[in-house]
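Student: This is the structure I want to talk about, given as structure tokens.
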Amino acid sequence: MIVIRGGSVFTPDGIVTADVVVDGDRVVSVGDPPPPTALIEIDATGCWVGPGLVDLHVHLREPGQEWKEDIASGSRAAAAGGFTAVVAMPNTVPVIDEGHRARFVGERGLKVGLCDVVPAGALTLGREGQHLAHLDELIEAGARIFTDDGDTLVDAGLLRRAMEYLAGRDCVIAQHAEDPGLAEDGHMHGGSVSSRLGMRGLPALAEETIVARDLALVELTGAPYHVQHVSTAGTVELIRQAKGAGLPVTAEVAPHHLVFDHREVESMDPNFKMYPPLRTPDDVAELRKAVLDGTIDAVATDHAPHADHEQEVPFEEAPRGVIGLETAVGATITATDIDQRRFFERLSINPARIARLGEHGVPVTEGSPANLVVIDPTAVWTPERFHSRSQNSPFLGRKLTGKVRATILRGRLTHRETE
Amino acid sequence: MRHLLTIEGMSRADLEDLLDLADEFVDVLDRPIPKVPTLRGATVATLFFEPSTRTRLSFERAARALSADVLTFAPGTSSVTKGESLKDTALTLRAMGADLMVVRHSATGAAHRVAQWVDVPVINGGDGAHQHPTQAILDALTLRRHFGKLDGLHVGIVGDIRHSRVARSGLQAFSTLGARVTLIAPPTLLPLDMTDWPVEVANDFDEVLPHLDVVYLLRIQQERGGTTGFTSLPEYVRRFGLDDSRFARLRPEAVVMHPGPMNRGVEISPHVADSSRTLILDQVRNGVAARMAVLFRLLASPGAER
Amino acid sequence: MTATRAVVMDADDVRRAIHRLAHEIIERHHGAARVVLVGIHTRGVPLAAAIAKAIQEFEGVDVPVGELDIGLYRDDLDRRAATNLFRTAVPVDITDRPVVLVDDVLYTGRTIRAALDALSDLGRAEAVELAVLVDRGHRQLPIRPDYVGKNLPTSLGERVVVGAAEIDGEWGVWIRDEEGT
């Protein structure tokens with residue numbers, strides 16, 4: 001039995017200050033007088049209590065690249081970050097384009113038991129963009145999100161076919177939007193900083209042209225479509241228009257895009273190298289607004305671990321991506337000063353809905369699943385060392401506001417703040 | 001000054017200090033014994049990951065003229081396995097006793113990263129398309145020795161500016177020292193966004209030519225993607241090559257510079273290359289002195305903050 | 001200039017010393033026809049020029065005057081603030097000619113050691129002598145002057161300051177406390 005005392009609780013009827021009692025894998029009461037003693041007591045004074053966070057976009061690197069991360073270390077990092085469920089991207093080695101591989105990922109996550117790991121399926125075999133993956137097998141194995149993330153599905157005809165095939169199956173196609181021709185192997189945002197540094201630039205258009213084209217296909221097919229890691233004001237505008245026209249579009253943004261802009265690259269530190277690249281301050285401002293006004297439905301970390309030796313190279317040679325599970329809460333609160341309701345909508349309710357997870361992202365009430373997180377929204381801290389196997393974070397040494405105090409998965413404490 | 005990684009941010013005083021030092025070293029190099037004992041016992045390591053004989057030789061000559069020892073690491077196309085990282089190479093050379101490292105690499109920021117890993121001064125010998133500080137210093141030195149000062153000089157830099165570290169360093173150094181700089185290239189060879197750059201831009205070489213005091217020609221970079229910025233080599237030469245007829249229309253006192261190596265017949269006609277109005281060999285000579293000045297400033301006398 | 005503790009030589013004293021040095025050089029070298037004077041930066045340079053002028057007045061001989069910067073030959077560069085280099089220029093070939101190095105103050109002898117190294121890179125002099133305006137003792141190397149304007153015993157905490165007409169406005173020698181700088 002766990003008692004969470006005195007927190008500000010996200011319930012179906014709004015936010016109330018109340019004690020929450022957990023027994024077994026359910027919440028048994030909210031607001032009733034709790035028992036005088038319990039196995040575990042959590043003091044949540046001044047804290048937010050809500051459904052455990054859900055990350056739509058993580059790279060756990062297992063199978064195949066376990067020197068960077070594996071499902072065990074990634075789950076540990078997720079729990080520390082307040083997550084009770086994560087969607088694992090399929091660009092592992094081998095690619096998750098067949099049912100048994102997806103099953104492996106999900107079962108491994110269950111066995112580790114620190115966080116539910118939901119496999120996303122690849123759209124195409126080997127993510128090569130030529131033939132559709134074994135979509136039915138993958139659905140049977142639990143996949144609901146399909147993406148070639150890491151690469152863009154460029155062939156519009158094939159994308160259309162995927163959309164039509166998945167119609168009515170309650171699945172969503174997620175696109176990593178990066179037109180290879182316009183991207184020109186760029187390492188950072190193409191603009192004033194890349195011009196000064198003489199580095200190949202990646203223009204905003206590389207993202208926007210793909211999103212615009214895909215949205216036309218969504219209009220044609222009616223297929224649910226999710227824009228991954230939005231990074232430009234232009235993309236935000238496209239999404240706003242599409243939603244206005246009633247299209248089944250959702251979108252996510254990564255916390256680092258809410259905090260940093262392309263000037264950080266002047267440090268030449270590969271901890272600022274990711275796709276999409278850090279863009280202009282104007283883009284950052286638009287993204288923050290979009291998170292607050294709901295044009296962007298979810299915050300998703302795009303947690304992308306890379307080992308130290310892979311980062312100890314010149315910027316241009318470094319792999320793309322940074323970790324983010326353990327700093328998502330702090331980064332989001334620091335960047336947007338978001339309120340509790342919107343916070344849980346963007347980091348729990350909406351992502352759970354997009355990932356079609358019934359047991360996560362459920363507002364706290366009697367009988368709801370005991371997948372919970374306790375967050376201190378005013379705690380100031382500086383990330384120094386991560387539970388993740390890799391340490392490639394742009395937030396190292398930066399002050400963040402907002403810290404996870406405890407995470408509970410099916411009634412079990414998976415993370416507790418030690419201090 | 002702990003490292004020399006970029007011209008950006010260097011003040012006029014910083015640059016002139018190096019030029020003044022370099023003037024003295026030009027004299028040293030003219031002596032019967034062109035050698036001084038200043039860096040005796042120090043070891044200068046050159047880490048040249050990009051093929052370049054001239055710059056590396058120039059640095060090594062400069063180090064030896066100051067009586068320093070030289071450790072050469074130049075993998076080029078040879079035996080260095082792809083496995084050994086830049087970091088390991090730098091640490092290995094440090095462990096072998098390098099007191100300073102000169103780093104040339106095809107990736108932007110390589111020298112910056114090495115400076116984060118080792119505790120000795122680092123000179124950027126050229127990183128990607130980003131910076132080549134000692135080239136800018138030797139070019140500024142050459143101009144100052146020829147004209148007396150750079151103030152008011154109109155320098156035109158012609159060629160693939162977009163992919164040129166020589167252009168980026170040069171334009172910053174020249175303009176800081178008071179010159180007026182015009183970048184001359186087709187739009188596809190100019191950087192994407194030059195907001196706040198202290199330069200003018202021209203796409204028509206012939207129009208700007210009669211107003212220039214210095215024509216600084218860049219080499220067409222086959223290896224850094226230069227061939228995609230224009231349609232064909234003959235077309236580039238026709239629009240931007242310094243051929244004999246353009247040469248004839250230069251101001252009588254105008255001079256021609258080139259960082260080398262030259263593509264004779266491309267950006268510069270053979271006749272122009274051999275004429276007395278080019279400062280190209282002066283650049284090479286001054287290059288050793290300029291690099292001696294930098295080595296002196298970084299190793300022998302960096303200042304009280306040591 | 002901050003408060004000085006004591007004037008050791010005023011402008012007239014320096015003038016007389018320079019004249020005596022000039023006479024000694026002329027006498028030692030049986031006329032000064034082959035001598036080359038080389039002043040060590042900074043104040044050795046105007047001192048050498050003044051001695052040459054005196055020799056001209058007394059003997060009618062134009063002694064060549066060179067300037068030498070020892071910045072590239074010092075052994076203590078890493079302990080000093082960023083130094084600049086001055087001109088090193090000797091108008092004649094010193095090979096097989098007697099050279100008189102000229103400096104304002106002789107102290108530890110390290111400057112002269114560096115100057116001898118620098119000089120040897122310019123050529124092989126027949127002989128090298130040393131003329132100083134002030135010898136303040138405390139030698140750390142086996143260096144001795146051939147011509148001395150004034151012997152001035154000092155303590156380590158004191159600082160000997162020389163003013164040269166061209167640089168400071170007038171000639172003079174002062175002693176100051178090291179702390180009081």
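What follows is calculated from the coordinates using simple rules that are stated; it is not laboratory data. Every value quoted in this text rests on a predicted model; they were computed, and no experiment measured them. Ideal geometry is used to build each Cβ from the backbone, glycine not excepted, and the neighbour counts take in all protein chains shown.
Student: Averaged across the residues of A:308-316, what count of C-beta atoms belonging to other chains lies within 10 Å of each residue's C-beta?
Tutor: Mean number of neighbouring Cβ atoms from other chains: 6.
Student: Across chain B, where is the longest run that never hits GluC sites (Glu not before Pro) in a DSSP loop with at most 12 other C-beta atoms within 10 Å? Let's see the in-between values first.
Tutor: Working: sites that count: B:E84, B:E253, B:E305.
Free of exposed loop sites, the longest segment is B:85-252.
Student: Based solely on C-alpha atoms, express the radius of gyration and the Dmax of the range B:133-280 in angstrom.
Tutor: 13.9, 40
Student: Taking DSSP loops as anything outside H, G, I, E and B, show the longest stretch in chain C free of trypsin sites (Lys or Arg not before Pro) there with at most 16 other beta carbons within 10 Å. Could you put the intermediate results ahead of the total?
Tutor: Details: sites that count: C:R5, C:R34, C:R80, C:R87, C:R124, C:R139.
With trypsin sites (Lys or Arg not before Pro) excluded where exposed in loops, chain C gives C:35-79 as its longest stretch.
Student: Select from B:L281, A:M268, B:L39 the residue farthest towards the positive end of the dipole of the protein assembly as shown; place +1 on Cβ of Lys and Arg, -1 on Cβ of Asp and Glu, and compute about the Cα centre.
Tutor: B:L39
Student: Then there is this: Give me a single rounded figure for B:109-118: the average over its residues of other chain Cβ atoms within 10 Å of their Cβ.
Tutor: Details: counts 15, 6, 2, 6, 11, 1, 1, 4, 1, 0.
Going residue by residue through B:109-118 and averaging, the value is 5.
Student: Moving on to the next point. Relative to the compact-globule scaling 2.2 N^0.38 Å, provide the ratio for the alpha-carbon radius of gyration of chain A.
Tutor: Working: Rg = 20.3 Å, N = 419, 2.2 N^0.38 = 21.8 Å.
Computed over Cα atoms of chain A, the ratio equals 0.93.
Student: Once the Cβ-Cβ distance between B:H271 and A:D155 is put in as r, and R0 is 56 Å, what FRET efficiency do you end up with, to the nearest 0.05? Numbers along the way, then the final one.
Tutor: On the way: r = 54 Å, r/R0 = 0.96.
Efficiency, rounded to the nearest 0.05: 0.55.
Student: So, one more: Quickly work out the A:D43-to-B:R249 label distance, labels modelled 7 Å from Cα along the C-beta direction, and quote it in nm with one decimal.
Tutor: Result: 8.3 nm between the two label points.
Student: Any idea what Rg and Dmax come out to for the range A:60-133 if you just take the C-alpha atoms, in Å?
Tutor: When restricted to Cα atoms, the range A:60-133 yields Rg and Dmax of 12.2, 39 Å.
Student: Report, to two decimal places, the Cα Rg of the protein assembly as shown normalised by 2.2 N^0.38 Å (N = number of residues).
Tutor: Working: Rg = 36.4 Å, N = 906, 2.2 N^0.38 = 29.3 Å.
Rg over 2.2 N^0.38 Å, computed on Cα atoms: 1.24.
Student: Say the dipole of the protein assembly as shown comes from +1 at the beta carbon of Lys and Arg and -1 at that of Asp and Glu; which of A:G142, A:A251, B:L66 then lies farthest toward its positive end?
Tutor: B:L66
Student: Which whole number gives the average count of other chain Cβ atoms within 10 Å of the Cβ atoms across peptide A:264-273? Don't skip to the answer; put the middle values down first.
Tutor: On the way: counts 0, 2, 4, 4, 12, 4, 2, 0, 0, 0.
Mean inter-chain Cβ contacts per residue within 10 Å come to 3.
Student: Under DSSP H, which helices of chain B have Cα atoms covering 15 Å or more of the helix axis and a Kyte-Doolittle average no less than 0.5? Display every interim value, and only then the final one.
Tutor: Working: long enough: B:12-30 (27 Å, 0.07); B:53-65 (18 Å, -0.90); B:133-147 (21 Å, 0.01); B:165-176 (17 Å, -0.07); B:280-295 (22 Å, 0.76).
Helix filter hits for chain B: B:280-295.
Student: Now a separate question. What residue among B:R113, B:R285, B:R168 shows peak mean-square fluctuation when chain B is described by a Gaussian network model with Cα springs under 10 Å?
Tutor: B:R113
Student: Something else now. Using 1/(1 + (r/R0)^6) with R0 = 45 angstrom and r between the beta carbons of C:V92 and B:Q116, what's the FRET efficiency to the nearest 0.05? Spell out each step's value before the answer.
Tutor: On the way: r = 52 Å, r/R0 = 1.15.
Once the sixth-power term is evaluated, E becomes 0.30.
Student: To the nearest Å, what is the center-to-center distance of the range A:8-63 and the range A:197-223, using C-alpha atoms only?
Tutor: What the calculation gives is 39 Å, centre to centre.
Student: If you plug each phi of the range A:139-151 into the Karplus form 6.51 cos²θ - 1.76 cosθ + 1.60 with θ = phi - 60°, what whole-Hz ³J(HN,Hα) values come out, in order, with x for Gly and Pro?
Tutor: 4, 4, 7, x, 7, 10, 10, 10, 7, 9, 2, x, 9
Student: A:S267 to C:F58: FRET efficiency via 1/(1 + (r/R0)^6), r the Cβ-Cβ distance, R0 60 Å, to the nearest 0.05? Don't skip to the end; give the middle numbers.
Tutor: Numbers: r = 68 Å, r/R0 = 1.14.
It comes out at approximately 0.30.
Student: Okay, moving on. Amide H of C:K150: which non-local residues (sequence gap of 5 or more, or other chain) have their own amide H closer than 5 Å, using H built in the peptide plane?
Tutor: Amide H neighbours of C:K150: C:V134, C:D135.
Student: Using +1 on the beta carbon of Lys and Arg, -1 on that of Asp and Glu, and nothing else charged, what's the dipole of chain A about the Cα centre, debye to 20? Intermediate results must be reported in sequence, preceding the final value.
Tutor: Numbers: 39 positive and 61 negative charges, 120 e Å.
Dipole about the Cα centre, nearest 20: 580 debye.
Student: Within the range A:235-317, report the trypsin sites (Lys or Arg not before Pro) that DSSP leaves as loop and that have at most 14 other Cβ atoms within 10 Å. Please list the in-between numbers first.
Tutor: Working: sites: A:R240, A:K243, A:R263, A:K273, A:R279, A:R288, A:K289; in loops: A:K273, A:R279.
Answer in residue order: no site qualifies.
Student: If you put +1 on each Lys and Arg Cβ and -1 on each Asp and Glu Cβ, how big is the dipole of the range C:10-158 around its Cα centre, in Debye rounded to 20? Please report the intermediate quantities before stating the final value.
Tutor: Values: 19 positive and 24 negative charges, 55 e Å.
Charge dipole of the range C:10-158: 260 debye, to the nearest 20.
Student: Could I ask something else about it? Quick test of the membrane-span-like rule: which DSSP H helices of chain C reach at least 18 Å along their long axis (C-alpha atoms) with mean Kyte hydropathy at least 0.0?
Tutor: Details: long enough: C:11-28 (26 Å, -0.64); C:44-59 (22 Å, 0.77).
Both cut-offs are met by C:44-59.
Student: Here's another thing I want to ask about it. Taking the Cα centre of the range C:10-158 as the origin and placing charges on Cβ (Lys, Arg +1; Asp, Glu -1), which of C:L106, C:I18, C:A54 is farthest toward the positive end of the dipole?
Tutor: After comparing all options, I get C:L106.
Student: Using unit Cβ charges (K, R positive; D, E negative) and no other charged atoms, how large, in debye to the nearest 20, is the dipole of the range B:133-280 about its Cα centre? Can you show the working numbers first?
Tutor: On the way: 16 positive and 17 negative charges, 70 e Å.
Around 340 debye, computed over the range B:133-280.
Student: Additional query: Give the peptides B:42-50, A:115-123, A:310-318, A:64-72 in descending order of average Cβ contacts within 10 Å, highest first.
Tutor: Values: B:42-50: 23.0, A:115-123: 27.7, A:310-318: 21.2, A:64-72: 19.4.
Ranking, from highest mean packing down: A:115-123, B:42-50, A:310-318, A:64-72.
Student: What list of ³J(HN,Hα) values in whole Hz, one per residue of the range C:158-170 in order, does the Karplus curve 6.51 cos²θ - 1.76 cosθ + 1.60 (θ = phi - 60°) give from phi, with Gly and Pro shown as x?
Tutor: Working through the residues one at a time gives 8, 10, 9, 10, 10, x, 10, 3, 5, 9, 10, x, 8 Hz.
Student: Tell me, how many Å apart are the Cα centres for the range B:80-154 and for the range A:268-303?
Tutor: What the calculation gives is 34 Å, centre to centre.
Student: Would you calculate, for chain A, the mean residue ellipticity at 222 nm contributed by helices, counting each DSSP H stretch of 4 or more residues as -39,500 (n - 2.57) and dividing by all residues, to the nearest 500? Write down the numbers at each step before the final one.
Tutor: On the way: 14 runs with 120 residues, N = 419.
Roughly -8000 deg cm²/dmol at 222 nm, from the helical runs in chain A.
Student: As a test, work out the antiparallel percent of DSSP beta bridges whose residues both lie in the range A:53-361, rounded to the nearest 5.
Tutor: On the way: 1 of 23 bridges.
The antiparallel fraction comes to roughly 5 percent.
Student: Still on this model: List the longest stretch of chain C that has no exposed loop site; here a site is one of the GluC sites (Glu not before Pro) assigned by DSSP to anything other than H, G, I, E or B, with at most 15 other Cβ within 10 Å. Each step should come with its number before you reach the end.
Tutor: Details: sites that count: C:E126, C:E170, C:E178, C:E179.
The reported range is C:1-125.
Student: Can I ask one more? Which links in A:K111/A:K403; A:K273/B:K87; B:K35/B:K87; B:K35/C:K53; A:K111/A:K399 stretch past 23 Å when you go from one Cα to the other? Present the calculation step by step, with values, prior to reporting the outcome.
Tutor: Numbers: A:K111/A:K403 27 Å; A:K273/B:K87 18 Å; B:K35/B:K87 33 Å; B:K35/C:K53 33 Å; A:K111/A:K399 35 Å.
In this structure, A:K111/A:K403; B:K35/B:K87; B:K35/C:K53; A:K111/A:K399 exceed 23 Å between Cα atoms.
Student: Rounded to the nearest Å, what's the spacing between the alpha carbon centres of the range A:91-132 and the range B:29-51? Just the number, please.
Tutor: Cα centres, the range A:91-132 to the range B:29-51: 58 Å.
Student: Continuing with this model, one more query. Under the rule of at least 5 residues apart or a separate chain, name every residue whose amide H is placed under 5 Å from the amide H of C:D177.
Tutor: Here C:R5, C:R159 satisfy the definition.
Student: Amide H neighbours of B:V256 under 5 Å, at least 5 residues apart or on other chains, H built in the peptide plane: list them.
Tutor: When sequence neighbours closer than 5 places are left aside, the close amide H contacts are B:V215, B:T278, B:L279.
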